[in-house]
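Nothing in this text is a laboratory measurement; each read-out follows from the coordinates by a stated rule. Just so it is clear, the model here is predicted, and its values are computed rather than measured. Cβ coordinates were reconstructed from backbone atoms using ideal geometry, including for glycine residues, and neighbour counts include every protein chain displayed.
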Amino acid sequence: MKTKISGVELRRIAMPLVAPFRTSFGVETTRDVLLVRVVTTDHEGWAECGAMSEPRYSSEYVDSARHVLRRFLIPALPKDGLDVHEVGRVLEPFTGHRMAKSALQTAVLDAQLRDADQSFGSYLGAARDRVPCGVSVGIMDSVPELLDAVERYIAEGYVRIKLKIEPGWDLGPVRAVRERFGDDLLLQVDANAAYTLSDAQHLAGLDDFGLQLIEQPLANDDMVQHAALAKRLRTPICLDESIKSAAHAAAAISLGACSVINIKPGRVGGYLEARRIHDLARAHGIPVWCGGMLETGIGRAANVALAALPGFTLPGDTSGSSRYFATDVTKPFVLSDGHLEVPTGPGLGVEPRSDVLDEVTTSSEWISM
Ligand code: SMG
Ligand code: MG
């Protein structure tokens, strides 16, 4: 199926977070998001870029994504239209910039699915109509503050808690949460690459707490070191930042660098590559779950659809809108019994609310094809 694009809007919005979100690499207070809207003959397609405002989680950042889209990626799309499966190949000559590529491909996919009257979930191969949700809890100033936050999230119904950790905020907070909420709580940690292999013995101290996994303990490029660490921990290692493609996933699995994978479509260049990683992991018996980049309802809609694939056997960081924003740019995603429903309408199945968008827009540009 060919989709003919007449132009693309790059719109940047500033979304205040309900509470600051601190990780080992920095604090977010407002989510600076780049939205991509492709306009076709009959429809529009929307997507959101996972890049943050600074190149800390990954080398991409909002300005770089906007620039590479405007200067290279959008002009590379064929003028006479294309099928979503061609987007990856057309963008392939440009190295990296996977989050920017993902946003463009996803917007084309949304438009194409709206044309075909098919939902993301049905297109990707969703195996259920709702997904269980976890929540990622940032680093706090004190343990009592952390316990309060975790208690609130559990009361809201989240089925799994992920604690952000860093050197100096690891064993103590994890022990406190375990002691307070008991052994049945599904609990995991995410270091965002804050440790080195010389911390192996210290990290083995986490083995006492029955964690579901430890996410990205070591640096992004430390695939071999993660394999060495895996031999020294009982806690399963999950990779996030290190897995940027299906090829990385294959390498990590064969090296024994991880036994779980966090799939973020933006990080790996789009939903088609995300599905390839899912398929590969599933064939190897490696559980996967859907990560998050503090998405608005636009990105969340597609993530929830992805998380409904059969290999997503662990709850993801697909939290309800209210965990992030007082007002979302779509109808809010609301947790019900710890789950979010997979949208069923055509494409993403959600509509951006233009009144809300206009209020949060900080810049917009139009690129004609
Ligand atoms: O979207 O709920 C969310 C955030 C989940 O912890 C989360 N994301 O490394 O997994 C991760 C982080 C990356 C973004 S931190 C600003
Ligand atoms: Mg992570």
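What share of Cα pairs, in percent, lie more than 13 angstrom apart in segment 3-68?
Details: 1441 of 2145 pairs.
Looking at segment 3-68, the distances longer than 13 Å represent 67 percent of pairs.
Tally Lys/Arg at +1 and Asp/Glu at -1 over every other residue whose Cβ is under 13 Å from the Cβ of Leu69; what's the total? Please list the in-between numbers first.
Working: positive: Arg11, Arg12, Arg37, Arg66, Arg70, Arg71, Arg98, Lys101; negative: Glu9, Glu48, Glu60, Asp63, Glu365.
Around Leu69, the charge tally is +3.
Find out how many positive minus negative residues lie around Leu187, taking Lys and Arg as positive, Asp and Glu as negative, among other residues whose Cβ is under 15 Å from that of Leu187. The partial results should precede the final answer.
Details: positive: Arg160, Lys162, Lys164, Arg175, Arg178, Arg180, Arg234; negative: Glu151, Asp170, Glu179, Asp183, Asp184, Asp190, Asp207, Asp208, Glu215, Asp317.
Spelling it out: positives minus negatives among the neighbours equals -3.
If R₀ is 45 angstrom, what is the calculated FRET efficiency for the pair Arg152 and Lys4, using the beta carbon separation as r and rounding to 0.05? Walk me through the numbers on the way to the answer.
On the way: r = 48 Å, r/R0 = 1.07.
Once rounded, the FRET efficiency stands at 0.40.
Using alpha carbon coordinates only, what is the Rg to Rh ratio of segment 180-266, with Rh defined as the Kirkwood radius? Mind showing how you got there, number by number?
Values: Rg = 12.6 Å, Rh = 13.0 Å.
Rg divided by Rh gives 0.97.
Which three semi-axes in whole Å describe the equivalent ellipsoid of the chain, each the square root of 5 times a Cα gyration tensor eigenvalue, listed largest first? Don't skip to the end; give the middle numbers.
Details: eigenvalues 219, 97, 71 Å².
In descending order the semi-axes read 33, 22, 19 Å.
For helix 297-306, report the angle its Cα long axis makes with the longest principal axis of the Cα atoms of the chain; keep it between 0 and 90° and round to the nearest 10°.
It is inclined by approximately 70 degrees.
Rule-of-thumb check for segment 285-336: C-alpha Rg over 2.2 N^0.38 Å?
Working: Rg = 11.4 Å, N = 52, 2.2 N^0.38 = 9.9 Å.
Rounded to two decimals, the normalised Rg is 1.15.
As an exercise, take the mean of 1/r over every pair of distinct alpha carbons in segment 25-163, invert it, and state the Kirkwood radius in angstroms. Before the final figure, lay out the partial values.
On the way: mean 1/r = 0.0566 Å⁻¹.
Averaging 1/r across every pair of different Cα atoms and inverting gives 17.7 Å.
Taking N as the number of residues in segment 294-369, what is its Cα Rg relative to 2.2 N^0.38 Å? The partial results should precede the final answer.
Numbers: Rg = 13.9 Å, N = 76, 2.2 N^0.38 = 11.4 Å.
Ratio of Cα Rg to 2.2 N^0.38 Å: 1.22.
Normalised radius of gyration for segment 215-369, please: alpha carbon Rg relative to 2.2 N^0.38 Å, two decimal places. Let's see the in-between values first.
Values: Rg = 17.4 Å, N = 155, 2.2 N^0.38 = 15.0 Å.
Normalised by 2.2 N^0.38 Å, the Cα Rg of segment 215-369 equals 1.16.
Counting only DSSP beta bridges with both residues in the chain, tell me the antiparallel percent, nearest 5. Display every interim value, and only then the final one.
Numbers: 33 of 54 bridges.
Just about 60 percent of them are antiparallel.
Considering only Ser336, Ser259, Ser102, give the residue with the highest GNM mean-square fluctuation for the chain, with springs between Cα atoms whenever their separation is below 10 Å.
With Cα springs under 10 Å in the chain, the top fluctuation among Ser336, Ser259, Ser102 is at Ser336.
Running Debye on segment 220-285 with equal point scatterers at the Cα sites and no solvent, what base-10 log of I(q)/I(0) appears at q = 0.22, 0.24 Å⁻¹?
-0.84, -0.98
In whole angstrom, note down how far apart the Cα centers of segment 109-167 and segment 178-207 are.
Computed from Cα coordinates, the inter-centre distance equals 20 Å.
All other residues with a Cβ under 13 Å from the Cβ of Ala246 taken together, and with Lys, Arg as +1 and Asp, Glu as -1, what is their net charge? Walk me through the numbers before you get to the answer.
Values: positive: Arg98, Lys244, Arg267, Arg275, Arg276, Arg282; negative: Glu273, Asp279.
With Lys, Arg at +1 and Asp, Glu at -1, the net is +4.
Only helical DSSP H runs with n ≥ 4 go in: add -39500 (n - 2.57) per run for the chain, normalise by residue count and round the 222 nm mean residue ellipticity to 500 deg cm²/dmol.
On the way: 12 runs with 117 residues, N = 369.
That calculation yields -9000 deg cm²/dmol at 222 nm.
Which aspartates and glutamates have a Cα less than 12 Å from the Cα of Lys244, not counting those fewer than 8 places away in the same chain?
Lys244 reaches Asp221, Glu273.
Using Cα atoms only, what is the angle between the long axis of helix 143-156 and the major principal axis of the chain, expressed in degrees (0 to 90) to the nearest 10?
So the helix axis and the longest Cα principal axis differ by about 60 degrees.
Output the 0 to 90 degree angle, nearest 10, between the alpha-carbon long axis of helix 171-181 and the longest principal axis computed from the alpha carbons of the chain.
For helix 171-181, the angle is close to 90 degrees.
So what does log10 I(q)/I(0) come out to for segment 130-275 at q = 0.10 Å⁻¹, using the Debye formula with one equal point on every Cα and no solvent?
At q = 0.10 Å⁻¹ the computed log10 ratios are -0.34.
Extending each Cα 7 Å along its Cβ direction at Ser198 and Asp184, get the distance between those two points in nm, one decimal.
So the label points at Ser198 and Asp184 sit 4.4 nm apart.
To the nearest Å, what is the center-to-center distance of segment 242-279 and segment 49-106, using C-alpha atoms only?
If you average the Cα positions of each part, the centres end up 18 Å apart.
Calculate, in nm to one decimal, what Ser59 and Asp208 gain on full extension: separation in residues at 0.36 nm each, minus their alpha carbon distance. Let's see the in-between values first.
Numbers: separation 149, 0.36 × 149 = 53.64 nm, distance 3.44 nm.
Length gained between Ser59 and Asp208: 50.2 nm.
Past the 18 angstrom mark, what percentage of all C-alpha to C-alpha distances in segment 104-191 do you count? Please list the in-between numbers first.
Values: 2101 of 3828 pairs.
Here the long-distance tail beyond 18 Å is 55 percent of all Cα pairs in segment 104-191.
Need the list of lysines near Lys331 for cross-linking: C-alpha distance under 29 angstrom, and skip anything on the same chain fewer than eight residues off.
Lys4, Lys101, Lys162, Lys164, Lys264
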